[in-house]
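Visitor: Below is one structure. I have some questions about it.
The values are calculated or read from the model by the stated rules, or taken from the named source; none is laboratory data. If you're wondering where the values come from, they're calculated on a predicted model, not measured in any experiment. When we count neighbours, we look across all protein chains shown, and the Cβ atoms used for this are built from the backbone with ideal geometry, even at glycine.
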Amino acid sequence: MRNILKYINFILIILIVFSFEACKEKQTNEVSVFPIEADAIRAEIETSPITAGKSEDAADDPAIWINKADPAQSLIVGSNKKAGINLYNLSGQELFFIDAGSINNVDLRYGFDLNGTKVDLVGGSNRTHNSISLFFIDGVNNQLLTAHSKTIVSDVDVVYGFCMYQSKQSGNFYAFVNGKNGYIEQWLLEATENDMVDAQKVRTINVDTQPEGMVADDELGFLYVGEENKGVWKFNAEPDASSEKTFLAMSDESNPAIEYDIEGMAILYQPKGKGYLFVSSQGNNSYAVFARENNNQYLTSFAIEDGEIDAVDGTDGLDITHFALNETFPAGCLIVQDGHNYDGDTLLSQNFKLVDFRKIAWLLAPEQELNYSYNPFSGF
Ligand code: CA
Ligand code: CA
Ligand code: CA
Ligand code: CA
Ligand code: CA
């Protein structure tokens, strides 16, 4: 009997050790999700319509905030350029609205050092005050709290595009804002003594005609700027860098897949400097994809077609993430503004559409598993 008990004990220990090892392995394994071949790319989810007239161009730019503790509770930040900023959950339900003024473009960054406390920041270009507005993200109560210590007034002639950047070199956080006149200002964000955020202008660069969409590559230190009727420019994003810029080949109308305006831009990060740059080609209701690496080779274009949720046209802003969010978005999602939001034949106010990234991954790399856990943000 004692021998049998000893034997059972031994087996139990083996089982425990084995399952512990298996568990460990599961935890350290990277999430791998294969691309999905779809006959067309359609939206899975749409947000509730924004508060605006049905024919008003009011929704503009989305940004995805990943809730690290519970990715299924991640938030969509969406600008209403007539009124303020909305927060939505991943089902598209509106959770919050802040009456912040005419916020055109929005962006966000993780882990800003507020006198020893790490906070996540949302920023936006505010046409009401020709300024930069900053907010703390409160992901527990799903709200935005004003973060700018005073009105951060820009000198550009009517603020338009906006994005944020965290330097790998210095760890500093920056806001970029551009104006109708082609000027692009870079502002250093700094915590104030009373735990708010202030900004000082550190650099001005420019393009020739009206820009809007912008995105910064934190890891490689680049700023991409969309000149609406020209194409995409690439600058060094460091404040002390030269103002030289390079033009992305095939980001203009020499590429039959592109029709102006060039609008929103977002980066999908992959390891080793690889990944994708997404650009809204507003004039033909499509999205152009460029390689993130080297000379940003043009790769492909796609559109979001009619399905259970209506097709997308005239996209202004967009954002993309490769992180697993929930069952609907196990490999992240693309979120885009929709120029005309229909329910059947009925036109509603504008909204944002969300697409399962696996369907886009199939267009980009059908044979290849992308990396869905790679973290490019130092403050994340
Ligand atoms: Ca528009
Ligand atoms: Ca525009
Ligand atoms: Ca716009
Ligand atoms: Ca639509
Ligand atoms: Ca709809």
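Visitor: Which residue, of 277, 334, 325, 347, is of a type in the set (A, V, I, L, M, F, W, C), touching a Pro at 6+ places or on another chain (Cβ under 7 Å) and either closer than 17 Å to residue 226 by Cα or at pLDDT 95 or above (or both)? Don't jump to the end; show me each part of the working.
Guide: Numbers: 277 fails: touching a Pro at 6+ places or on another chain (Cβ under 7 Å); 334 fails: touching a Pro at 6+ places or on another chain (Cβ under 7 Å); 347 fails: touching a Pro at 6+ places or on another chain (Cβ under 7 Å).
Only one candidate qualifies: 325.
Visitor: Further question: Select from region 90-116 the residues that are free of Cβ contacts under 8 Å to residues at least 24 places away in the same chain and touching a strand residue (DSSP E or B) at 6+ places or on another chain (Cβ under 6 Å) and list them in ascending order.
Guide: Scanning region 90-116 gives a single hit, 99.
Visitor: Turning to a different aspect of this structure: List pairs: first residue in region 195-218 and more than 22 Å from residue 121 (Cα to Cα), second residue among the charged types (D, E, K, R) anywhere in the structure, Cβ distance under 6 angstrom, at least six positions apart or on different chains.
Guide: Short answer, once both residue conditions are applied: 204/185; 207/227; 209/227; 210/180; 210/228; 211/227.
Visitor: Suppose we filter region 346-374 for residues that are more than 20 Å from residue 80 (Cβ to Cβ) and more than 12 Å from ligand 4 (Cβ to nearest atom); how many remain? Show your work before the answer.
Guide: Narrowing region 346-374 to residues more than 20 Å from residue 80 (Cβ to Cβ): 346, 355-374.
So of that shortlist, the ones also more than 12 Å from ligand 4 (Cβ to nearest atom) come out as 355-374.
So the count comes out to 20.
Visitor: Can residue 275 be described as at positive phi, buried (at least 20 other Cβ atoms within 10 Å of the Cβ) and touching a Phe, Trp or Tyr at 6+ places or on another chain (Cβ under 9 Å)?
Guide: Judged against the criteria, residue 275 is a match.
Visitor: Oh, and also: Return the total of residues in region 156-181 being more than 16 Å from ligand 3 (Cβ to nearest atom) and within 23 Å of the chain's Cα centre (by Cα).
Guide: Residues in region 156-181 being more than 16 Å from ligand 3 (Cβ to nearest atom) and within 23 Å of the chain's Cα centre (by Cα): 12 in total.
Visitor: Let me ask something additional. Could you tell me whether region 299-319 includes any residue that is within 16 Å of ligand 4 (Cβ to nearest atom), in contact with a helix residue (DSSP H, G or I) (Cβ under 7 Å, 6 or more places away or on another chain), of a type in the set (S, T, N, Q) and in contact (Cβ under 8 Å) with a residue 12 or more places away in the chain?
Guide: Yes.
Visitor: Could I ask something else about it? Inspect all residues belonging to region 145-155 and state whether any of them is within 16 Å of ligand 3 (Cβ to nearest atom), over 17 Å from residue 191 (Cα atoms) and buried (at least 21 other Cβ atoms within 10 Å of the Cβ).
Guide: Checked against the condition, which is being within 16 Å of ligand 3 (Cβ to nearest atom), over 17 Å from residue 191 (Cα atoms) and buried (at least 21 other Cβ atoms within 10 Å of the Cβ), region 145-155 yields no hits at all.
Visitor: Give the residues of region 51-85 that are within 16 Å of ligand 5 (Cβ to nearest atom) and either within 20 Å of the chain's Cα centre (by Cα) or under 16 Å from residue 354 (Cβ atoms) (or both), sorted by residue number.
Guide: 58, 59, 62, 76, 78
Visitor: Would you confirm whether or not region 339-358 contains a residue that is in contact with a strand residue (DSSP E or B) (Cβ under 8 Å, 6 or more places away or on another chain), free of Cβ contacts under 8 Å to residues at least 60 places away in the same chain and either within 23 Å of residue 223 (Cα to Cα) or surrounded by fewer than 21 Cβ atoms within 10 Å (Cβ to Cβ) (or both)?
Guide: Taking every residue of region 339-358 in turn, at least one turns out to be in contact with a strand residue (DSSP E or B) (Cβ under 8 Å, 6 or more places away or on another chain), free of Cβ contacts under 8 Å to residues at least 60 places away in the same chain and either within 23 Å of residue 223 (Cα to Cα) or surrounded by fewer than 21 Cβ atoms within 10 Å (Cβ to Cβ) (or both).
Visitor: So residue 371 clears everything in (1) farther than 15 Å from residue 320 by Cα; (2) touching a residue at least 40 places away in the same chain (Cβ under 8 Å); (3) not in a helix (DSSP H, G or I) except one condition, right? Which one?
Guide: (1)
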